[in-house]
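What follows is a short report on a single structure.
The values are calculated or read from the model by the stated rules, or taken from the named source; none is laboratory data. What you see is a predicted model; the values in this text were computed from it and never measured. Glycine also receives a Cβ, built like all others from the backbone with ideal geometry; neighbour counts cover every protein chain displayed.
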Amino acid sequence: MNRRPVLLLLAFGACASRPREGAEIRAGAASLPGSISCVPFARALSGIELSGDAHQWWAAAAGRYRRSASPTPGAVLVLRRSSRLPQGHLAVVVRSLGLREVLVTHANWGSGAGRGRVTENQPVVDVSPRNDWSEVRIWHPGSGTLGVTVFPAHGFILPARAADPADLAARVAEAARRATGTL
């Protein structure tokens, strides 16, 4: 029996789950006790005050935050719920590299090295036919390459004002501590 697809599904499905006890988080130079999921980390880094599982953020943002098909630093990319991501996923845009590529910082992405940890400056590429960020490919930390899976996305929840990329980078460790309740 091939267990790899099941293991991958479990790894990606943990995005909005409770942190595991005793694991370690690495965010920049910070090392923290516990594990971290994408939801509290995205909230802490972006300042966008929404709750619920990752897939619920898009609907929750309606009427409270601007939503867009265009990325801006500090915006939260919301991935749709899918068989690979039963709870969806959130990632914070830290820099735009062009019309169809951004760098994100996010928590609990992938299996292996990314699981339960913060990964910074990870490429995300818009592969949607209409150039509307409705389908993306995301860097896979375990393989060190852009992933081959196409993930459906809602789009971006925008902060009150665009963030400075250097300021976002400087706040990653603090956001990780806030997300785990260690600050």
**OP:** Considering only the stretch 135-150, state which residues are farther than 15 Å from V104 by Cα and at pLDDT 95 or above.
**Re:** E135, V150
Original post:
So which residues in the stretch 76-88 are buried (at least 24 other Cβ atoms within 10 Å of the Cβ) and out of contact with any Lys or Arg (no Cβ under 9 Å at 6 or more places or on another chain)?
Top reply: L77, L79
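Pick from the stretch 113-141 the residues that are among the small types (G, A, S) and closer than 21 Å to Q87 by Cα: which of them is surrounded by the fewest Cβ atoms within 10 Å (Cβ to Cβ)?
Restricting to residues being among the small types (G, A, S) and closer than 21 Å to Q87 by Cα, the top hit is A113.
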Original post:
Taking the stretch 143-165, which residues are part of a loop (DSSP other than H, G, I, E, B) and among the β-branched types (V, I, T)?
Top reply: V148, T149, V150
Original post:
Can you tell me which residues in the stretch 159-174 are in contact with a Pro (Cβ under 9 Å, 6 or more places away or on another chain) and of a type outside the set (D, E, K, R)?
Top reply: P159, A162, A163, P165, L168
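The rows are residues; the columns are (1) within 13 Å of R177 (Cα to Cα); (2) at pLDDT 80 or above; (3) surrounded by fewer than 22 Cβ atoms within 10 Å (Cβ to Cβ).
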position	(1), (2), (3)
R20	no, no, yes
L32	yes, no, yes
F41	yes, yes, no
A44	yes, yes, no
